[in-house]
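Bear in mind that the values in this text are calculations on the coordinates, not laboratory data. Everything numeric in this text was worked out from a predicted model, so none of it was measured. Note: ideal-geometry Cβ built from the backbone for every residue, glycine included; neighbour counts use all protein chains shown.
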Amino acid sequence: MNIQDINQEVHNAYEAIKNGGIILYPTDTVWGIGCDATHAGAVKKINELKQRSESKSMIVLMNGERMI
């Protein structure tokens, strides 16, 4: 995969998240399912996909204290 392909995939993921979609991404040990944590519809999609109750918490990643 070349740099243009990687850039395109990053852009595709950004567009999906921006529009309330969900993405699949690799971590150091497993695959993660991600979305915009402030988009209720996207969070609902993940809960439905994982067949989990909305009362169960999720991990939210932030890039600094200002996001808290």
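Data for the structure
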item: Residue pairs meeting the criteria (Cβ under 7 Å; at least 6 apart or on separate chains; first closer than 12 Å to Met58 by Cα, in region 20-44; second of a type in the set (Phe, Trp, Tyr)); result: Gly32/Tyr25; Gly34/Tyr25
item: Answer residue from region 45-68, given it is touching a residue at least 12 places away in the same chain (Cβ under 8 Å) and among the charged types (D, E, K, R) and is surrounded by the most Cβ atoms within 10 Å (Cβ to Cβ) among those; result: Lys45
item: Answer residue from region 1-24, given it is of a type in the set (Asp, Glu) and closer than 26 Å to Lys50 by Cβ and is surrounded by the most Cβ atoms within 10 Å (Cβ to Cβ) among those; result: Glu9
item: Qualifying positions in region 25-37 - loosely packed, with under 10 Cβ neighbours inside 10 Å and either over 20 Å from Met67 (Cβ atoms) or of a type in the set (Asp, Glu) (or both); result: Pro26, Asp28, Thr29, Val30, Trp31
item: Qualifying positions in region 30-58 - over 14 Å from Gly20 (Cα atoms) and either part of a loop (DSSP other than H, G, I, E, B) or of a type in the set (S, T, N, Q) (or both); result: Val30, Gln51, Arg52, Ser53, Glu54, Ser55, Lys56, Ser57, Met58
